[in-house]
Amino acid sequence: MRPTSHQNATLDERITGALVGAAVGDALGGPVEGYSPEQILERHGGRVHGIVGPWHGDDWRTARPLAPYHKGDGHVTDDTLMTHALVRVYARVRDHLDAYAVADHLVPDLMTEPRWIPELQTEALPLQRIFLAEKWLVTRIHYGHADPREAGTGNIVNCGAAMYMAPVGLVNAADPRAAYAEALDVAGAHQSSYGREAAGVLAAAVAAACTPGATPDSVVSTCLALAKDGTRTAIERVCEEASRHTDFESALGPLRDAVSPYDTVGPDYRAPSLGARRPSRLHAIEELPVALGLLLVARGDYRHAVLGAVNYGRDCDSIATMAGALAGALGAPVPEDWAKTVAEASRLDLWEPAVTLTRVTREIFARDVSRRRAHEQDFASLGGRECSD
């Protein structure tokens, strides 16, 4: 497979591709989340090639361990609910975010604004759907009055912050270092250790993917230049393995083997090891390195990257969310039939958040330019250098 190139994609197209691509990946991965590639193969009589129904069919309301969530049929999960919530925060603040923006805007959004929850098939507070690691935001910040910059300390270390950090990368399009720094600040309210690090690196990866001429290889190189500790090593090992494959079928087992030494959850995803999800400088979340690896395997092709993520199993909705965001940010087209089905099934306008974030991103960039020019003038007045203006 030749590398996919979409160098002429505009900012609007990249933001739309990333946000719609993330939501579609999320919806495709939801019904097979938590299972192994072998179980997925047996259940579906082959690999998943598109939108499928619930694992337990019509018994989704009562079948354990998934009840009461309707995963499948094109329904997005909490990955997309959190991503759209963060876009709404940007729309309110209309500037760069920090941990206090999470406390002032994201937490109230989760607690007080009923919305249609696709997996519950009803209107409810997002707080009633999000996972325990995201409920921590409300517990620590609203009820515990923790300093937002440190509220993530003590939470289980997982991909909870990284899974919705694509908007930070998009707001900082083509500036990975700024995206990394902003995401680390935002994620401090939610995660610590390698969970927080993954949020920073995912945002940087999305920002790098928006750079004109970007490729999967350049995105990975940017991640390796910024990532620290176990996160960096896991990305390096997984992507080394990914470079040997051109099809996800042959890559699924080797990528899992490559990330396994850094993943604390262990071989049985539904029965985590005793050391799972604890802070460490030696470990990494599984989802981000695998998403980057599958992006390489797919040479940036959206369909190939997302289907690889879906069929990988385990936390595949989050892996597919990340892979979809990265491929979309590179400019790879999201299949229109998938996007239309997911939007209709989830009762969500998948394009409106992209329109909103594009507008806000342009405003923030203009504000950044003004601030930078003011700084240049002040620095020149200090004798630091001669101002060119």
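Hey, rough spin-label estimate for D12 and L274, points 7 angstrom out along Cα→Cβ, what's it come to in nanometres?
About 5.8 nm, to one decimal.
Just add up the charged neighbours of K228: K/R +1, D/E -1, any other residue whose Cβ is under 11 Å from the Cβ of K228.
Once all neighbours under 11 Å are counted, the net charge is +1.
Hey, what angle do you get for helix 216-226 against the long axis of the chain, alpha-carbon based, 0 to 90 degrees rounded to 10?
60 degrees
In percent, what relative contact order does the range 251-389 have, based on Cα pairs under 8 Å that are 6 or more apart in sequence?
15 percent
Which of rounded, prolate or oblate describes the range 17-109 when judged by the alpha-carbon gyration tensor and an a/c cut-off of 1.5?
prolate
In debye to the nearest 20, how big a dipole does the range 180-332 give about its Cα centre with +1 on each Lys and Arg Cβ and -1 on each Asp and Glu Cβ?
Computed charge dipole of the range 180-332: roughly 220 debye.
For the chain, what is the calculated [θ] at 222 nm in deg cm²/dmol (nearest 500), taking -39500 (n - 2.57) for each run of four or more DSSP H residues and dividing by its residue count?
-16500 deg cm²/dmol
Long-range amide H contacts for R115: which residues qualify at under 5 Å (H placed 1.01 Å from N, peptide plane, sequence gap of 5 or more or a different chain)?
A124, L125
Go through V107, V157, I130 and say which Cα lies farthest out towards the positive end of the charge dipole of the range 83-189; charges sit on Cβ, +1 for Lys and Arg, -1 for Asp and Glu.
The residue sitting farthest along the positive end of the dipole is I130.
What is the dipole size for the chain, taken about its Cα centre, with +1 at each Lys and Arg Cβ and -1 at each Asp and Glu Cβ, in debye to the nearest 20?
With Lys and Arg at +1 and Asp and Glu at -1, about 360 debye.
For the Cα atoms of the chain, what angle does the longest principal axis make with the long axis of helix 302-312, in degrees from 0 to 90, nearest 10?
50 degrees
Order the following by accessible area, largest value first: K135, K340, K71. Probe radius 1.4 Å; ligands, DNA and RNA are ignored.
My answer, sorted largest first, is K340, K135, K71.
Quote the relative contact order of the range 210-300 in percent (integer), defining contacts as alpha-carbon pairs under 8 Å separated by 6+ residues.
40 percent
Please list log₁₀ I(q)/I(0) at q = 0.10 Å⁻¹ for the chain, using the Debye equation with identical point scatterers on the alpha-carbon positions.
Normalising to I(0) and taking log10 leaves -0.58.
In degrees between 0 and 90, to the nearest 10, how far off the longest principal axis of the chain does helix 336-346 point, with axes built from Cα atoms?
Taking the Cα atoms of the chain, the angle to 336-346 is about 80 degrees.
Taking a ≥ b ≥ c as the square roots of the eigenvalues of the Cα gyration tensor of the range 272-386, is the shape rounded (a/c under 1.5), prolate (a/b larger than b/c) or oblate?
Here the range 272-386 falls in the oblate category.
Taking only C-alpha pairs under 8 Å that are 6+ residues apart, what is the relative contact order of the range 49-123 in percent?
Worked out over the range 49-123, it gives 29 percent.
Dividing the convex hull volume of the Cα atoms of the range 214-324 by its residue count, what figure in Å³ per residue is obtained?
Dividing the Cα hull volume of the range 214-324 by its residues yields 86 Å³.
Taking a point 7 angstrom from the Cα of D59 along the C-beta vector, which residues in the range 17-46 have backbone N less than 15 Å away?
43
Regarding the range 159-289, what whole-number volume in Å³ per residue does the convex hull of its Cα atoms give?
Once divided by residue count, the hull of the range 159-289 is 101 Å³.
Which GluC sites (Glu not before Pro) in the range 1-107 sit in a loop by DSSP (not H, G, I, E or B) and have at most 14 other Cβ atoms within 10 Å of their own Cβ?
Answer in residue order: no site qualifies.
Given the protein chains as shown and a 1.4 Å probe, how many square angstrom of F131 are accessible, to the nearest 10?
90 Å²
The values are calculated or read from the model by the stated rules, or taken from the named source; none is laboratory data. Nothing here was measured: the structure is a model prediction, and the numbers come from that model. Methodologically, a virtual Cβ is constructed for each residue, glycine included, from the backbone with ideal geometry; neighbour enumeration extends over all protein chains shown. To get the accessible areas, we keep the full protein, side chains included, count just its heavy atoms, and leave off ligands, DNA and RNA. Shrake-Rupley method; radii C 1.70, N 1.55, O 1.52, S 1.80 Å.
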